[in-house]
Ligand SMILES: [Zn+2]
């Protein structure tokens, strides 16, 4: 079987701007913001962040905090989200960190009335074990929420892009199908590697 895109190290080597023992970070293809839109990904194959072992959660928490503070230094306030195992473009855990002043919590709450506020990321693991399906969202104040519902592919991207007034960038495949937009996106990715790499590379 072919490894998934995030397990294929060669595919991400050029874009990786940060690495720890078990995680790496790189800009996402399909930048909603003008650069800085990043992914934190386990190096080993995990279906979603909720599947990570407790020892991994600690390391992930540190990596996440480092990447978030670098993103915020370069690009301003940010939100973070993950689809769990539902509607993933790649079936391998990846947290998206998106520079944004817009909090999409009320939209999510309206659509998904059943949610839980988390005290720590360790709770995400329990939720995954008990319920499997979740949407994870973290606002600019780093308050963490889990919504208990199914979702369509790219749902959180689409909502975030719409509320940021950047609807065309929500669906990354559609946006990149225009060669001019793909060119802009490539430049934003390249610039993100440079700016965040400068702050984070050891
Ligand atoms: Zn994988």
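Hey, how much of the P(r) for the chain falls beyond 21 Å, as a percent of Cα pairs?
49 percent
Only counting other Cβ atoms within 10 Å, I'd like 100, 69 sorted with the fewest neighbours first.
Working: 100 24, 69 13.
Exposure proxy ranking, most exposed first: 69, 100.
Using Cβ counts within 10 Å as a stand-in for footprinting exposure, how do 54, 108 rank, fewest first?
Taking fewest neighbouring Cβ atoms as first place, the list is 54, 108.
With n ≥ 4 as the cut-off for DSSP H runs, can you work out [θ] at 222 nm for the chain, using -39500 (n - 2.57) per run divided by the number of residues, rounded to the nearest 500?
On the way: 7 runs with 80 residues, N = 202.
Value at 222 nm, helices only, nearest 500: -12000 deg cm²/dmol.
State whether the range 132-194 is rounded, prolate or oblate according to the following rule on the C-alpha gyration tensor (a ≥ b ≥ c being the square roots of its eigenvalues): a/c under 1.5 gives rounded; otherwise a/b larger than b/c gives prolate, and the remaining case gives oblate. Write out the running numbers ahead of the final one.
Numbers: a/c = 2.43, a/b = 1.68, b/c = 1.44.
Prolate.
Beyond 22 Å, how much of the Cα-Cα pair distribution for the range 1-108 remains, as a whole percent?
28 percent
Over the alpha-carbon set of the range 87-159, divide Rg by the Kirkwood Rh and report the Rg/Rh ratio to two decimals. Spell out each step's value before the answer.
Working: Rg = 11.9 Å, Rh = 12.9 Å.
Expressed as Rg/Rh, it is 0.92.
Mean separation of Cα pairs under 8 Å and 6+ residues apart, divided by the residue count of the chain: what relative contact order is that in percent?
Relative CO of the chain lands at 27 percent.
Distance between Cα centroids, the range 76-98 to the range 12-51: provide it in whole Å.
Computed from Cα coordinates, the inter-centre distance equals 9 Å.
No lab work stands behind these numbers, since they all come straight from the coordinates. Keep in mind that this is a model prediction, so the values were computed, not measured. Don't worry about glycine lacking a Cβ; one is built from the backbone with ideal geometry, like all the others, and counts go over all protein chains shown.
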